[in-house]
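The values are calculated or read from the model by the stated rules, or taken from the named source; none is laboratory data. Since the structure is predicted, the reported quantities are computational estimates derived from the model, not experimental observations. FYI the Cβ positions are ideal-geometry reconstructions off the backbone, even for glycines, and counts take in every protein chain you see.
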Amino acid sequence: MRVLVAIASTYGATAEIGEAVAAELRQGGHDVDVRRVDSVESLQGYDGVVLGSAVYIGRVLTSARQFAARLAEEFAPRPVWVFASGMKSVTAYPLGAAFTSPVPPPYFGARYAIFGGVVDRSKLGSAERSLIGFVGATHSDERDFDLIAAWSGEVSVRMNQFDALDRARSAQGTR
Ligand SMILES: Cc1cc2nc3c(=O)[nH]c(=O)nc-3n(C[C@H](O)[C@H](O)[C@H](O)COP(=O)(O)O)c2cc1C
């Protein structure tokens, strides 16, 4: 499957998670591009999408929501997987199907995997530094790349199932 990993990231932690997801999908035989959400003008040429965003003050980034809204019509026929990176409500292993299945819109409305992210105080301004205590996020790197690989591996298998179904439908002329 030709896959777009579209990322909304302020300080780069989620972008690096996106690269790790892409590496695992490539291992599964998929052809993958990782791009910032703002730079994607169309989903033409992609069979599926992984959308990942950082969480700030209890919400995924506006750019991720805008991306989903802006290309809503193009998303419709494509399977979409969603993850977030944050320091709270991190999804535990083992991952259930609810976390590894493609999701319908609105993309951050249903259940989705939340991976531990990064808070690097040295990159933050004074307002953000005072906010991290308020939201309960602490200075650390909580990314679990084994968990991210496990999630991506399951997503990769599901993508292959979609691909097989798509081919079968095309062969029968029902697509
Ligand atoms: C000001 C600020 C607010 C944050 N608010 C939340 C939050 O509400 N919930 C959460 O889980 N993580 C929160 N985080 C943690 C970020 O989601 C985490 O650092 C994320 O990995 C950052 O990704 P990025 O480097 O791609 O921007 C916050 C971090 C900062 C700096």
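Some notes on this structure:
- Options V60, V90; residue that is modelled with pLDDT under 95, over 21 Å from S156 (Cβ atoms) and surrounded by 15 or more Cβ atoms within 10 Å (Cβ to Cβ): V90
- Evaluating V82 against the criteria (1) over 11 Å from the mean Cα position of the chain (by Cα); (2) at pLDDT 95 or above leaves one unmet condition, (1).
- Residues satisfying the stated conditions in region 21-53, i.e. closer than 19 Å to Q161 by Cα and β-branched (V, I, T): V21, V32, V49, V50
- Any hit, region 41-52, residues being within 11 Å of the ligand (Cβ to nearest atom), under 19 Å from S101 (Cβ atoms) and within 15 Å of the chain's Cα centre (by Cα): yes
- Of all residues making up region 115-139, the number that are more than 7 Å from the ligand (Cβ to nearest atom) and not in a helix (DSSP H, G or I): 7
- Residue in region 24-44 that is touching a residue at least 60 places away in the same chain (Cβ under 8 Å), under 20 Å from E142 (Cβ atoms) and in a helix (DSSP H, G or I) present: yes
- Among all positions in region 95-110, there is at least one residue which is over 18 Å from A6 (Cα atoms), more than 8 Å from the ligand (Cβ to nearest atom) and touching a residue at least 40 places away in the same chain (Cβ under 8 Å).
- Evaluation of T14 against (1) more than 20 Å from P104 (Cα to Cα); (2) surrounded by fewer than 23 Cβ atoms within 10 Å (Cβ to Cβ) (one fails), failing number: (2)
- Condition met for F75 (farther than 22 Å from R129 by Cβ and within 14 Å of the ligand (Cβ to nearest atom)): no
- Some residue of region 24-38 being surrounded by 14 or more Cβ atoms within 10 Å (Cβ to Cβ) and touching an Asp or Glu at 6+ places or on another chain (Cβ under 7 Å): yes
- Count of residues meeting criterion [touching a residue at least 40 places away in the same chain (Cβ under 8 Å) and charged (D, E, K, R)] in region 117-140: 2
- Residues that are among the polar types (S, T, N, Q) and assigned to a helix (DSSP H, G or I) were ranked within region 60-114; the one that is farthest from L165 (Cα to Cα) is T62.
- Of all residues in region 83-94, none are away from the ligand (no atom under 15 Å from the Cβ) and hydrophobic (A, V, I, L, M, F, W, C).
- Region 106-140: number of residues that are of a type in the set (G, A, S) and within 19 Å of the chain's Cα centre (by Cα): 5
- Tabulated pairs, region 67-89, first farther than 13 Å from A8 by Cβ and in contact (Cβ under 8 Å) with a residue 60 or more places away in the chain, second surrounded by fewer than 19 Cβ atoms within 10 Å (Cβ to Cβ) and of a type in the set (F, W, Y), C-beta under 6 angstrom, 6+ apart or interchain: P79/F162
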